[in-house]
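For reference, the structure discussed in these notes is given below.
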Amino acid sequence: MILQILVNGVLLGGFYALIGVGFSPVWGVTNIINLAHGAIALLGSYITYYMFQNLHLDPFLTLPVSFVCLYIFGYPVQRYLMNMVVKAQIFMLLILTFGLEIFLVNFMTTFFSADFRSVTPEYAGKSIEIAGVVIPYIRLAVFAICMVVTAIMGFFLEKTWTGKAIRATSLDLEAAMMTGISPKKIYSITFTSGSALAGLSGSLLSLTQAFSPNIAGGLALRAFIVAILGGLGRVEGAFLGGLLLGVIETLSAFYIGESYKNAIAFGLMVFMLIVKPSGLLGRKYYAEVKH
Amino acid sequence: MINKKLILFIVFVIVLTALPFVISGYWLRVLTQTFLFGAIATGSNIIIGFTGYPAFGNIAFFGIGAYVTGVLTTKYNMPFFYTLPFCAISGIIVASLLGIPILRLKGHYFAIATVGVMETIKELVDNMTELTGGGPGLTLPIMQGEPEYIYKFFYFIMPGVMLFSLLILFIVSKIKQGYALRAIRVDEDAASVMGINTPVYKTFAWAVSAALVGITGGVYAYWLSYIDPHTVFGGTYPVKMFAMILLGGGTTVIGPMLGAFILELISEIVWSKFIAIHGMVLGLLIIFIILFLPKGLFETFKGGFSFKKLFNNLKENRL
């Protein structure tokens with residue numbers, strides 16, 4: 001039983017890790033806490049839903065579509081909205097993204113309705129059983145995709161020139177500019193890829209659970225928790241934080257009660273902020289407040 | 001100059017007192033709601049505008065106040081007015097206890113921590129079904145009397161709370177401790193070097209703010225006579241509160257109240273005209289305020305209105 005719970009937790013955690021991987025670098029690099037992350041993810045969910053419903057495409061085939069669509073969506077949002085206030089007081093951005101979230105959620109409620117939707121391909125109910133532990137194929141696939149994307153993102157940030165430039169910008173904006181890095185470009189790449197990853201995670205979400213525009217806030221808060229737990233702006237941090245959150249949520253749902261799992265997750269985040277604001281893997285600079 | 005302001009203020013109060021005898025019940029309700037937001041924004045401004053700590057989750061105290069009044073009136077049959085001091089005290093206790101660890105955080109981290117606190121309290125209230133009624137909410141005893149009398153009663157209570165918050169804010173802006181708070185906003189390290197015990201002052205500011213917002217919550221609970229965790233903890237309240245403070249100007253005493261009046265009346269008009277897209281318009285309105293009026297309406301248009309100033313604001317903070 002305990003093994004089954006742990007496996008469920010890890011599978012859920014993989015998904016949380018992907019949400020965090022999209023959210024955390026944006027915060028770490030551009031100083032934008034994107035409260036609209038959940039709403040953007042849900043746009044991805046609706047893309048998958050409508051393509052599955054109307055074109056009868058396999059939901060996994062729609063992943064690149066929502067990735068590209070939200071990459072394109074992220075660009076003007078960053079260029080013409082976020083960039084305008086990026087140097088203002090920190091909470092301006094917070095409210096701006098909250099305003100965007102309210103707009104997007106209401107947009108989805110108006111045009112896609114507030115009903116709960118779910119994507120159920122033919123193979124939805126099938127599962128594999130290993131040593132008494134039941135693993136649904138879809139959840140396994142979602143987990144695998146999440147891990148691969150997280151690894152790619154980690155590789156991108158660690159090894160490529162663009163990734164190195166992104167990390168340099170997050171460490172020291174002025175020094176990065178001196179070496180010829182254009183913060184405009186870096187900010188735009190970071191935000192758009194964050195938005196694209198949000199779309200991807202939204203598409204995967206639609207496969208594992210029912211969704212409606214109203215869960216956007218919950219998703220964004222989960223992204224917060226993952227980023228805080230693991231340490232800001234770091235892919236490894238988001239990975240660790242995601243797995244941790246998934247396991248803690250499933251464990252507390254089982255042992256303390258399903259309805260307390262949110263309270264525990266948020267309490268844990270506040271505790272982490274008090275004890276070690278830089279997160280489990282956070283290093284110096286990565287979590288420093290920029291003004 | 002001071003006298004001019006005073007006369008304006010007295011005229012404002014007289015107009016408020018006279019209004020319920022000329023306007024309809026609908027507008028009475030709208031105005032009461034506006035005063036409610038005025039009270040929340042004014043109360044929160046002590047920590048947000050004066051001290052410069054973006055307490056995004058300050059609505060937590062609103063919810064605490066609402067539930068204190070709710071539980072005391074339903075479970076202990078306490079008269080409504082006696083519950084208000086308890087709202088204030090519970091706000092002060094929670095803010096002081098949390099303030100000591102959380103106010104060490106700065107900027108984003110503080111904002112996020114307050115959101116975390118708000119969500120945690122919401123979930124706890126949601127789960128303490130025996131005491132608080134849990135997710136389905138709590139129904140308070142309805143006030144005795146004619147509906148018209150009740151409407152007018154709350155019409156006078158709500159601005160009473162708002163003016164009380166305004167008075168406290170005014171006093172804080174004048175006393176020495178208020179200067180200390182502003183020093184913290186401008187430069188906390190420098191303030192600390194000057195001999196200001198910053199943790200104590202910050203906690204003081206948050207506790208006062210929590211008490212005021214808590215009282216507002218108590219009045220809200222009795223007014224609507226029904227509360228549930230998802231409305232009183234969060235929803236669109238935090239962002240509306242912040243937008244109001246920004247619109248009016250957080251460093252002034254009267255700004256947040258005016259911001260509340262403007263935003264709430266606009267959104268009420270929008271609500272009645274375009275009910276289907278109301279939420280989208282609210283989101284756009286907030287985005288507009290952040291982009292074009294980050295310094296507040298009055299600071300921006302000090303020397304007269306012009307569109308150029310709006311665009312200057314837009315250019316100022318861009319990358």
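Being more than 23 Å from residue A:217 (Cα to Cα), within 13 Å of another protein chain (Cβ to nearest Cβ) and assigned to a helix (DSSP H, G or I) is a condition met by at least one residue of the stretch A:156-170.
Against the conditions (1) of a type in the set (S, T, N, Q); (2) crowded, with 18+ Cβ neighbours inside 10 Å; (3) farther than 20 Å from residue A:99 by Cβ, residue B:312 satisfies every one except (2). Looking at residue B:295, is it within 11 Å of chain A (Cβ to nearest Cβ), modelled with pLDDT under 80 and under 24 Å from residue B:185 (Cβ atoms)? So residue B:295 passes the test.
Of all the criteria given as (1) free of Cβ contacts under 8 Å to residues at least 12 places away in the same chain; (2) over 28 Å from residue B:267 (Cβ atoms); (3) among the polar types (S, T, N, Q), the one not satisfied by residue B:74 is (1). Taking residue B:179 as the residue in question, decide whether it is hydroxyl-bearing (Ser, Thr, Tyr), over 21 Å from residue B:218 (Cα atoms), part of a helix (DSSP H, G or I) and within 14 Å of chain A (Cβ to nearest Cβ). So residue B:179 fails the test. Considered as a group, the residues in the stretch A:256-279 that are under 18 Å from the mean Cα position of the chain (by Cα) and more than 7 Å from every other protein chain (Cβ to nearest Cβ) include one that is surrounded by the most Cβ atoms within 10 Å (Cβ to Cβ), and that residue is A:279. Considering A:96, A:63, A:70, the condition of being aliphatic (A, V, I, L, M), under 20 Å from the mean Cα position of the chain (by Cα), under 22 Å from residue A:202 (Cα atoms) and within 11 Å of another protein chain (Cβ to nearest Cβ) is satisfied by A:96 alone. Screening the candidates A:253, A:223 for the property of being surrounded by fewer than 21 Cβ atoms within 10 Å (Cβ to Cβ) and at pLDDT 85 or above yields one hit, A:253. Scanning the stretch B:249-297 for residues that are among the small types (Gly, Ala, Ser), assigned to a helix (DSSP H, G or I) and either at positive phi or in contact with a Phe, Trp or Tyr (Cβ under 7 Å, 6 or more places away or on another chain) (or both) yields B:255, B:260, B:283.
For the stretch B:94-130, the candidate set comprises residues that are within 8 Å of chain A (Cβ to nearest Cβ) and β-branched (Val, Ile, Thr); within that set, the residue that is nearest to residue A:89 (Cα to Cα) is B:112.
Inclusion of residue B:84 among residues that are over 19 Å from the mean Cα position of the chain (by Cα) and either buried (at least 23 other Cβ atoms within 10 Å of the Cβ) or away from chain A (no Cβ under 14 Å) (or both) is not warranted.
The values are calculated or read from the model by the stated rules, or taken from the named source; none is laboratory data. Since the structure is predicted, the reported quantities are computational estimates derived from the model, not experimental observations. Quick reminder, even Gly has a Cβ in these numbers, built from the backbone with ideal geometry, and neighbours come from all protein chains shown.
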